[in-house]
Amino acid sequence: MNRPNPARPDIQLMSGYTPGEQPDASRPIIKLNTNENPFPPPKAVLEAIVAAATESLRLYPEPSSRPIREAAARAYNLKPEQIIAGNGSDDILTMILRTFVSSGQIVTAPCPTYSLYETLTKIQGGIFQQTPWPDDLSLPIAALLKTKAQVIFIVRPNAPTGHMVALADISELCRKTSGVVVLDEAYVDFADDNGLALLKEHDNLIITRTMSKSLALAGLRVGLGFTTPALANEMHKVRDSYNINRLAQAGAVAALNNLAAFRPGIAAIRSQRLRLSQELGKKGFTVQESQANFVLATVPNNGLTGEEWLNALREKGFLIRFFGSDPSLQDKIRITIGTKDEMDGFLNAVDELL
Ligand SMILES: *Cc1c(COP(=O)(O)O)cnc(C)c1O
């Protein structure tokens, strides 16, 4: 049979998102490639999930994840009406594209950025226009505005660089654009400040958070969006009807009610971040100052290429991230911050390869 490919032509042309590798558990490897948390979540989270599994799996979950939105409202001093929950913050990003971007409209972000934005834009039939970061890595406000984008994504701290733009620049962008600004704060719990206060000033701002990194729940899949009640209301219309299952709702509520329990792990990660940055610097890498739970390092120019570092470190049992498809990142590797022991082992492996 010679049936023509029935998929939409634009879907056939796109390549799809490439997530970081999840190795099979049979081979001992230390995962420093997808910015997961090396510490487990507090016991209260597991207990809440077990209780939910015992009591109520027969029943559908609360469709709008009201228990999560109420717990998040208490934790972040917002109203539940301002909050939307997603099956990971990736699901929130999907809702944003569905709600605000019509076919043919433009979406932009300072690049390099989180590569999923481009994939989601194309799925929605939109056009993703890259706005390059300037050399000083400040927010390119004029260039972003010039694209006339309907949605502008900014990651703060940025992925994959880890650097932060000024909050005043985000405010200026919100004031000057006629579109929606999305401030992706996936890594903000590892940073010195956050943009929550901006929500009071701007009615075109959406802040996204994830429980996958600082809250050590990547496997549970829960993300949050904070915005105005009006925008949240529009986004509720496009989400999958039961987008967060009962177990995830129970675990997320427990995590939000126990935020203090995560602080020691976050502090340990921040301290290892500083140490890894300094040690790699001494070994000839150029390390971008990071406010996230990873660092982006330019490899020494007289040795292995970025891709060769990826492969050599994998042989030594450490999985890191190399962004093969981005020409500006060919001499760079991204390393997730792990425990002190993991960083000891990683730095030893680097020494052996130098
Ligand atoms: C990890 C990450 C996300 C997605 O997080 P999930 O909640 O696991 O879907 C979103 N944005 C950025 C910038 C990320 O790094």
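The values are calculated or read from the model by the stated rules, or taken from the named source; none is laboratory data. Worth saying up front: this structure is predicted, and the values here are computed from it rather than measured. With ideal geometry, Cβ positions are generated from the backbone for all residues, glycine too; neighbour counts draw on all protein chains shown. Areas reflect the complete protein model, heavy atoms only, side chains present, ligands, DNA and RNA absent. Shrake-Rupley method; radii C 1.70, N 1.55, O 1.52, S 1.80 Å.
Table for the structure above
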{"quantity": "Charge tally in the Cβ shell below 11 Å around Leu224, where Lys, Arg are +1 and Asp, Glu are -1, Leu224 excluded", "calculated": "0"}
{"quantity": "Extreme residue, positive dipole direction of the range 43-257, given options Ile84, Pro61, Ala248 (C-beta unit charges)", "calculated": "Pro61"}
{"quantity": "Accessible area per residue in Å² at 1.4 Å probe, computed on the chain", "calculated": "47 Å²"}
{"quantity": "Rounded FRET efficiency, nearest 0.05, which uses the C-beta distance separating Ser325 from Asn5 and R0 of 30 Å", "calculated": "0.80"}
{"quantity": "Projected area, mean over directions - the range 1-157, Cα convex hull, nm²", "calculated": "16.0 nm²"}
{"quantity": "Label point 7 Å beyond Cα of Ala75 along Cβ direction - residues of the range 201-227 with amide nitrogen under 19 Å", "calculated": "206-227"}
{"quantity": "Lys/Arg +1, Asp/Glu -1 at C-beta; the chain dipole; positive extreme among Ala268, Leu198, Thr336", "calculated": "Leu198"}
{"quantity": "Vicinal HN-Hα couplings computed from phi for the range 268-281 (Karplus, 6.51 cos²θ - 1.76 cosθ + 1.60; Hz; Gly/Pro x)", "calculated": "5, 5, 4, 6, 5, 4, 5, 5, 4, 4, 5, 5, 5, x"}
{"quantity": "Global geometry of the range 155-314, whether rounded, prolate or oblate, following the gyration tensor of its Cα atoms and the 1.5 cut on a/c", "calculated": "prolate"}
{"quantity": "Theoretical gain in end-to-end length, Arg263 to Asp135 [0.36 nm per residue, Cα-Cα removed]", "calculated": "42.7 nm"}
{"quantity": "Computed magnitude of the charge dipole of the range 48-141 (debye, nearest 20; Cβ of K, R +1, Cβ of D, E -1)", "calculated": "340 debye"}
{"quantity": "Cα-based reach from Lys146 at 17 Å (exclusive), listing aspartates and glutamates while leaving out same-chain residues under 8 positions away", "calculated": "Asp169, Glu172"}
{"quantity": "Stokes-Einstein D in µm²/s, Kirkwood radius over Cα pairs - the range 147-215 at 25 °C with 0.890 mPa s viscosity", "calculated": "199 µm²/s"}
{"quantity": "Helix-only [θ]222 nm of the chain, DSSP H runs n ≥ 4, -39500 (n - 2.57) each, per residue, nearest 500", "calculated": "-11000 deg cm²/dmol"}
{"quantity": "Cβ-based net charge around Arg239, under 11 Å, with every Lys or Arg adding one and every Asp or Glu removing one", "calculated": "-1"}
{"quantity": "Inter-label distance, nm, simple model (7 Å from Cα along the C-beta direction), Glu55/Asp203", "calculated": "4.0 nm"}
{"quantity": "Alpha-carbon centroid distance for the pair the range 267-322 / the range 127-158, whole angstrom", "calculated": "26 Å"}
{"quantity": "Heavy-atom accessible surface of the range 43-257: percent carbon and sulfur, 1.4 Å", "calculated": "51 percent"}
{"quantity": "Mean Cβ neighbour count within 10 Å, used as a protection proxy, ranking 45-58, 178-191, 7-20, 323-336 highest first", "calculated": "178-191, 323-336, 45-58, 7-20"}
{"quantity": "Sequence-distant residues sharing a close amide H with Glu62 (under 5 Å, placed H)", "calculated": "none"}
{"quantity": "Cα convex hull of the range 86-243 - mean projected area over all directions, nm²", "calculated": "8.7 nm²"}
{"quantity": "FRET efficiency estimate (nearest 0.05) - Cβ-Cβ, Ser15 to Asn302, R0 35 angstrom", "calculated": "0.55"}
{"quantity": "Shape call, the range 272-354: gyration tensor on alpha carbons, a/c limit 1.5", "calculated": "rounded"}
{"quantity": "Distribution of pairwise C-alpha distances over the chain, 20 Å bins, in %", "calculated": "29, 58, 13, 0"}
{"quantity": "Per principal axis, descending, Cα span of the range 203-288 in whole Å", "calculated": "52, 30, 20"}
{"quantity": "Magnitude of the charge dipole, the chain, Cβ model with Lys/Arg +1 and Asp/Glu -1, debye to 20", "calculated": "720 debye"}
{"quantity": "Under 26 Å from the Cα of Lys282 - lysines, other chains or at least 8 residues apart", "calculated": "Lys31, Lys316, Lys332, Lys340"}
{"quantity": "Charged-residue dipole, Cβ positions (Lys, Arg, Asp, Glu), the range 106-231 about Cα centre, Debye nearest 20", "calculated": "440 debye"}
